[in-house]
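Asker: Please find one structure pasted underneath; my questions will follow.
The values are calculated or read from the model by the stated rules, or taken from the named source; none is laboratory data. Because the structure is a prediction, the values reported are computed rather than measured. So basically every Cβ, Gly included, is an ideal-geometry build from the backbone, and we count neighbours across all protein chains shown. Remember, those area values only see protein heavy atoms, side chains included, never the ligands or the DNA or RNA. Shrake-Rupley method; radii C 1.70, N 1.55, O 1.52, S 1.80 Å.
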Amino acid sequence: MKKVINEGKEGLSADAQKILSNIWVLFLVSWFLYPGAYLMPYLTGLDGFFFSEDGVMARQLTYTIADVCSKVIYGVLLGNLALKLSNNKEMVELSN
C-alpha cells in the first residue's frame, strides 16, 4: 500500500500529496485498531475486566472507532483528494 501511495504522489500538487500522506497514516492507525481490539483481553492481563460487560463495551467501542476511521474518514479524504485532482485538472485545461 505504501508503494502505491508513493507512486501516486508523483506529479501531484503539494495539497494532494499531503492528503495521500494522511491517508497512509489513517490506514495504519485504523487497521491496527482491529487486531488491538481483538487481542485486548489477552494483551492487558486484566482478564476479569475485558470479559465483563464494560470490557466488551470497550472492545466494541474500539471496533467502532476503527470502522469509522477506516471507512468514513477514509472516504472523506478520498473525496477531498478527488476534488483537488479535479480542480487541478481544470486549471491545467484552462491554461492550455
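Asker: Loop-only GluC sites (Glu not before Pro) in the range 1-88, please: DSSP not H, G, I, E or B, and at most 16 other Cβ atoms within 10 Å.
Answerer: Numbers: sites: Glu7, Glu10, Glu53; in loops: Glu10.
Hits after loop and neighbour filter: Glu10.
Asker: Shifting gears a bit: For Ser52, what accessible surface area do you get with a 1.4 Å probe? Give it in Å², rounded to 10.
Answerer: Answer for Ser52: close to 40 Å² accessible.
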